[in-house]
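A short write-up of the structure that comes next.
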Amino acid sequence: MRYYYSAEQIREAEAPLLASLPDGALMRRAAYGLATVVADELSRRAGVVSGRGVCAIVGSGDNGGDALWALTFLRRRGVSVSAVLLNPDRAHHSGLRAFRKAGGRVVSAVPDDIDLVLDGVVGISGIGPLRPGAAEIAKQITAEGIPVIAVDIPSGVDVHTGAVDGPAFRAEVTVTFGGYKPVHALGDCGDVRLIDIGLDLPAATIRELEAADVTAAWPVPGPADDKYTQGVTGVLAGSSTYPGAAVLCSGAAVAATSGMVRYAGTAAAEVVSHWPETIATQTEEAAGRVQAWVIGPGYGTAERQTRTLRRVLSGGLPVLVDADALTILAEHPDLTDLVATRDAPTVLTPHAGEYARLAGTAPGSDRIGAARSLAARLNATVLLKGNVTVIAQPDGTAYVNRAHGSWAATAGSGDVLSGVIGALLATGIPSDRAAAMGAYVHARAAAAAAADPGPGKAPISASRLLGHLRWAIAEIG
């Protein structure tokens, strides 16, 4: 499990170490780790470390101090080091003194012959856009294509939301210390490297599943299991206008677990022709016993669908509400009230537009805050779709899932995701964990589909994503 910490949590964890260590020791520990990453990058790019050139853009405070100390350590390895001081009077005193003593040069502009830039402008306490001097340097470096390694965060990127409001440094690598921050999941930080500086950090409320977590929790049938004990998923999706949504959603549920899928709707013939193992009927009343419902993909928003959604939400089973069912929910306040009073798990899976209809406002730049707000208001698990998917609970705990690409941004992809999560809900997995696991495997399947056949990657369809779902599940194990 990967945890993400606020700046305040990191500062609190640093306090006892700062009190117990000699003055400056914790900074030098962090800077040594930073210097090691920079040296590794130089070696990877040029084959050697000695004789290469690194320039740091140095702001005031500890972030600039980290950069200056890292340059000092690099100078001892034969690297030519220079620093642009954005505010010379407020540069970190001991770091600047050590840098100069090691032979570092203070310069007024980024030299022409450097290999890397260190972004040491602002750290995790920084707020607001870059000041003009730093902004101009960021634009210059980007225009010239000079590789950037950011210290803690790329300057100009909001540490809490990952949002960029104006010029910002674009980092190929970001080196952070002690623990990950939300920006490292939500923002454009390149390859993020974590340096362990000895902080004692608890589990955080923002977290991300890793392969081992998904593998450990994915349902695997035991010797005493049968098709009923492994979870029966009910799918209410598709219509005469959009039968493909039913095919994709039902097929994803079939692929995700080893139990049973019962489809109810007007696309029954199409579903069975693609997935003959599916039990298909015309209505949910005739579907038989299920252990979770998925409702909404391509379903329609007429009165009949509204009545069905009301019946499903009035029951005691886990329900995933997606697409057209979210539109119905937004248009009927009594149904949102019903969701808020349910005892059984409810998962809502909006994209930004659907979120705006449900919440009455767009998600904005703080996507974790937005998902948390709607989850608390509706007493539901909210999965806010995006390149970084956010899954929030009413109590404020949240998962993030980084797709590492946008291959899944294609029509029908969300129908596949709903089927996967619905199947996991039917096995009894808690709603937030089911949503996070589904998002993880969905992203892996999209990346695999884009790379098949290799080399290189190509655009995919939702059908190709679905076709790689079993591979993605097997691959994490």
Per the charge dipole of segment 355-477 (beta-carbon charges, Lys/Arg positive, Asp/Glu negative, Cα centre), the residue among 394, 445, 404 reaching farthest to the positive end is 404
Which of the aspartates and glutamates could a cross-linker span from residue 227 if the Cα-Cα distance has to be under 14 Å and same-chain partners fewer than 8 positions apart are dropped? 277
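Calculate the FRET efficiency for residue 21 and residue 143 from the Cβ-Cβ distance with a Förster distance of 41 Å, rounded to the nearest 0.05.
Details: r = 41 Å, r/R0 = 1.00.
Efficiency for this residue pair is about 0.50.
Work through the residues other than residue 322 whose Cβ is under 12 Å from its Cβ and net out their charges, Lys, Arg +1 and Asp, Glu -1. Spell out each step's value before the answer.
On the way: positive: 385; negative: 324, 354, 415.
Taking every Cβ under 12 Å from that of residue 322, the sum is -2.
How much length, in nm to one decimal, is gained on full extension between residue 277 and residue 331, taken as 0.36 nm per residue of separation minus their Cα-Cα distance? Working shown, then result.
Details: separation 54, 0.36 × 54 = 19.44 nm, distance 3.53 nm.
Extra length from residue 277 to residue 331 when fully extended: 15.9 nm.
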The chain - mean residue ellipticity at 222 nm from DSSP helices (-39,500 (n - 2.57) per run, n ≥ 4, rounded to 500): -12500 deg cm²/dmol
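Can you give the % of DSSP beta bridges in segment 211-476 that are antiparallel, to the nearest 5? Write out the running numbers ahead of the final one.
Numbers: 8 of 27 bridges.
Around 30 percent antiparallel, to the nearest 5.
Expected output is a single nm value to one decimal: the length gained when fully extending between residue 77 and residue 340, i.e. 0.36 nm times separation in residues minus the C-alpha distance. What is it?
Going from the current span to full extension adds 88.6 nm.
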At most 10 other Cβ atoms within 10 Å and a DSSP loop assignment: could you name the trypsin sites (Lys or Arg not before Pro) in segment 241-328 that fit? 289
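Run the dipole for the chain about the Cα centre, Lys and Arg Cβ at +1, Asp and Glu Cβ at -1, nothing else charged, and hand back the magnitude in debye, nearest 20. Write down the numbers at each step before the final one.
Values: 40 positive and 46 negative charges, 155 e Å.
It comes to approximately 740 debye.
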Between the modelled labels at residue 304 and residue 127 (7 Å from Cα along Cα→Cβ) the distance in nm is 5.4 nm
Name the residue farthest towards the positive end of the dipole of segment 211-476 from the options 247, 265, 278, assuming +1 on Cβ of Lys and Arg, -1 on Cβ of Asp and Glu, about the Cα centre. 247
For the residue 311, residue 188 Cβ pair and Förster radius 41 Å, calculated FRET efficiency rounded to 0.05 is 0.40
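Efficiency by 1/(1 + (r/R0)^6): what FRET value for residue 94 and residue 475, r their Cβ-Cβ distance, R0 = 60 Å, to the nearest 0.05?
On the way: r = 49 Å, r/R0 = 0.81.
With a Förster radius of 60 Å, E is 0.80.
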State, in angstrom, two size descriptors of segment 211-476 derived from its alpha carbons: Rg to one decimal place and Dmax to the nearest whole number. 16.9, 52
Label point at residue 228 placed 7 Å out along Cα→Cβ; residues across segment 267-290 whose backbone nitrogen lies under 11 Å: 289-290
Quick one: of the DSSP bridges fully inside the chain, what percent are antiparallel, nearest 5? 20 percent
Whole Å is fine, so just give me how far the alpha carbon centre of segment 94-169 lies from that of segment 264-327. 53 Å
Using only the Cα atoms of segment 2-204, construct the convex hull and provide its projected area averaged over every direction, in square nanometres to one decimal. 10.4 nm²
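We did not get these values from a lab; they are worked out from the coordinates using the rules stated. Remember, it's a predicted structure, so these values are computed and weren't measured experimentally. Quick reminder, even Gly has a Cβ in these numbers, built from the backbone with ideal geometry, and neighbours come from all protein chains shown.
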